Amino acid sequence: MTKLYTKDEIIAKSHEIAHMIANTEEVEFFKRAEEQINENKKIREKIASLKSLQKQAVNFQHYGKEKALKLIEDKIAGIEKELDDMPIVDEFKNSQGDVNDLLQLVSNTIANNVTNEVIRQTDGDELRGETGSRVRNEQSGSCS
């Protein structure tokens with residue numbers, strides 16, 4: 001008989017997986033890139049300006065000030081381009097993407113394996129992605 005797990009056991013195992021993920025090359029690179037960005041005065045100033053301009057843009061949009069909003073949006077785009085042109089910012093964004101890809105891979109792998117395990121446990125058809133009860137119902141339905 002298959003062992004049944006509790007939610008608490010699964011959560012405990014998820015903490016172990018989270019610890020493993022937090023200690024990968026991808027996450028280490030992300031932490032180093034973030035630290036370099038936070039230590040860079042020029043980048044911090046640009047981000048502060050960006051946040052201030054974004055708040056102004058929300059206000060202008062709220063009050064229907066279209067011309068002022070357009071000017072602010074152009075300034076925002078300019079600062080975003082300046083930031084994007086900085087190699088460290090590019091590395092940081094890439095590392096964010098790598099970490100997100102890793103998390104997505106783990107999530108998809110778990111979801112796919114749960115589905116396949118249920119199919120196997122019910123003597124289903126993995127190629128068709130159907131559980132055993134569906135396969136049995138189709139077989140009995142085709143005979144009548």
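Does at least one position in segment 49-67 carry a residue that is closer than 30 Å to residue 114 by Cβ and among the aromatic types (Phe, Trp, Tyr)?
Within segment 49-67, the first condition is being closer than 30 Å to residue 114 by Cβ, and the residues that meet it are none.
Scanning segment 49-67, I find no residue that is closer than 30 Å to residue 114 by Cβ and among the aromatic types (Phe, Trp, Tyr), so the answer is no.
Looking only at residues that are β-branched (Val, Ile, Thr) and farther than 26 Å from residue 23 by Cβ in segment 68-120, which one is farthest from the chain's Cα centre (by Cα)?
Residues of segment 68-120 that are β-branched (Val, Ile, Thr), as a first pass: 72, 76, 79, 88-89, 99, 106, 109-110, 114-115, 118-119.
Those left that are additionally farther than 26 Å from residue 23 by Cβ: 72, 76, 79, 115, 118-119.
Values: 72: 30, 76: 25, 79: 25, 115: 21, 118: 26, 119: 28 Å.
Per the criteria, the residue is 72.
Does residue 119 count as over 30 Å from residue 4 (Cα atoms), modelled with pLDDT under 95, surrounded by 11 or more Cβ atoms within 10 Å (Cβ to Cβ) and not charged (D, E, K, R)? Working first, answer last.
Details: over 30 Å from residue 4 (Cα atoms): no; modelled with pLDDT under 95: yes; surrounded by 11 or more Cβ atoms within 10 Å (Cβ to Cβ): yes; not charged (D, E, K, R): yes.
The answer is no for residue 119.
Please find, within segment 1-58, the residue that is surrounded by the fewest Cβ atoms within 10 Å (Cβ to Cβ) out of those that are in contact (Cβ under 8 Å) with a residue 12 or more places away in the chain and more than 28 Å from residue 81 (Cα to Cα).
2
Looking at (1) exposed (fewer than 14 other Cβ atoms within 10 Å of the Cβ); (2) assigned to a helix (DSSP H, G or I), which one does residue 79 not meet, given that it meets all the others?
That leaves (1) as the condition not met.
The values are calculated or read from the model by the stated rules, or taken from the named source; none is laboratory data. Since the model is a prediction, treat every value here as computed from it, not as a measurement. In this analysis, Cβ positions are derived from the backbone assuming ideal geometry, glycine residues included, and neighbour counts consider all displayed protein chains.
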